[in-house]
Amino acid sequence: MSARKNKKEKQLKRTIRVDLGQRSYPIRIGSDGLDGLGEAVATRTNATRVAVVTVPSIGRRYGGAVMRSLRAAGLKAHRIDVPDGDSTKNLGQVRKLYDAFLDWGLDRKSVLVALGGGMVGDLTGFAAATYLRGIPFVQVPTTLLSMVDASIGGKTAVNLPKGKNLVGAFHQPCLVWIDTGTLTSLPRRDRSAGMAEIVKAGAIWDARYFARLERECEAVMDLDPASLVPVLERGCRIKAEVVRQDEREESGVRALLNFGHTLGHAIETQMGYRRILHGEAVSIGMLHAARRSQALGLAPAGTADRLEDLLARLRLPTEIPRYDRKAHIAAMQVDKKRVGSKIHYVVLRRIGRAETVELTPAEILPVRRRDQ
Ligand SMILES: NC(=O)c1ccc[n+]([C@@H]2O[C@H](COP(=O)([O-])OP(=O)(O)OC[C@H]3O[C@@H](n4cnc5c(N)ncnc54)[C@H](O)[C@@H]3O)[C@@H](O)[C@H]2O)c1
Ligand SMILES: [Zn+2]
């Protein structure tokens, strides 16, 4: 292999460390497949048995490579399929997983591997946090959203009939293995939705990263490794840094990740979670928050326009579908339980810097463009 090619291949593998003392772990990003996963799991744990939790479509595509790699590393691996869709992220499904773990003889040294998007990651993470009072788990995220967001940081959760993510635990994975090759099967609409969280990271934390996205967002969407791998790397580093500073959402730093999510959640609730993807709702919520930041005199003119241009290039929605002021106020109040109470709302001071202000739902509500 030529020195040049060698160098190029090296550039496409990166390891980031999430620094949390004894709970620290590596995030391995690469375009070189799933082959090295088994060795990495064997090195990071004392496991002899591994259960790979996935959904059928991902299991069919990538399960074979994962199982081969685990077995080649001397691990006894079993695959457990759960039905696809966020409605699977519930306590009934967790209970079925516990039963399967017992049937397979998983003990406290055994490890779970979450192979899939954020739904599989949250469900498997929660099962790992609670089975036998906690066993190790590994994230193998296969959506853009779960690569830069859901798989990092140790928040695990399941839904209750009354709301999303209402039961959960903080439980850090012992390894995050990102194979960018898995993104080739991810529909473009889901890719765009994942990009919304990447844009968010730039908007709240890193102006240079935001500028890089402005230069390279099409190449990232086309999965060009030369753009994709560094963009994923920086996105993961930002999430890791936020989590390092505020692992349990106590100091307020981690709350900055909620940029765009207050209105975003209200839109998801109103639309019944079906017709709009999370990242799409966040896109609308971010643009609204940026406009609001300008209207409040907190961010300079042009901030929202820059954000809007980038979101539009990513084919993300920026206008609220079926805008219903009352329904959105109600949804935000349900979120906060008390009518009239203030919400910690994330505003931009400029691209690359965010802060939290306290506003009532009525103050948060969309300003029309001409109100800016
Ligand atoms: N724990 C956290 O910090 C955190 C953060 C953000 C979101 N979440 C959670 O993550 C979930 C959303 O995650 P998501 O957007 O990854 O959704 P998802 O896991 O539901 O995946 C979306 C769809 O894409 C499919 N898919 C996944 N990978 C694919 C691939 N490589 N090719 C083709 N299809 C693929 C899935 O099977 C699914 O149908 C929600 O449950 C949300 O609450 C958690
Ligand atoms: Zn989000």
Residue list for region 43-65, given a label point 7 angstrom along the Cα-to-Cβ vector of residue 84 and an amide N cut-off under 17 Å: 53-64
Helical segments meeting 27 Å axial Cα length and Kyte-Doolittle 0.0 threshold in the chain (DSSP H): 225-245
Cα gyration tensor shape of region 113-171, rounded if a/c is under 1.5, else prolate or oblate by comparing a/b with b/c: oblate
FRET efficiency, 1/(1 + (r/R0)^6) with R0 35 Å, evaluated for residue 23 and residue 99 via beta carbons: 0.80
Net dipole in debye of region 103-165 [+1 Lys, Arg Cβ; -1 Asp, Glu Cβ; about Cα centre; nearest 20]: 200
Three-way shape call for region 209-312 based on the alpha-carbon gyration tensor, with the a/c threshold at 1.5: rounded
Per residue solvent-accessible surface (Å²) - the chain, probe of 1.4 Å: 45
Percent antiparallel among DSSP beta bridges (both partners in region 1-159, rounded to 5): 25
For the chain, calculated [θ]222 nm from helices alone, where every DSSP H run of n ≥ 4 adds -39500 (n - 2.57): -13500 deg cm²/dmol
C-alpha center-to-center spacing [region 178-205, region 241-296] in angstrom: 16
Stretchable slack from residue 325 to residue 132, in nm (0.36 nm times residue separation minus alpha-carbon distance): 64.8 nm
Prolate/oblate/rounded call for region 230-290, Cα gyration tensor, a/c under 1.5 rounded: prolate
With every protein chain in place, the chain: carbon and sulfur % of accessible area (1.4 Å): 48
Of all DSSP beta bridges in the chain, antiparallel share, percent nearest 5: 45
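The values are calculated or read from the model by the stated rules, or taken from the named source; none is laboratory data. As the structure is a prediction and not an experimental result, all values here were calculated from the model. Note that we place each Cβ from the backbone using ideal geometry, even for glycine, and neighbour counts take in every protein chain shown. Note: areas computed on protein heavy atoms with side chains; ligands, DNA, RNA excluded. Shrake-Rupley method; radii C 1.70, N 1.55, O 1.52, S 1.80 Å.
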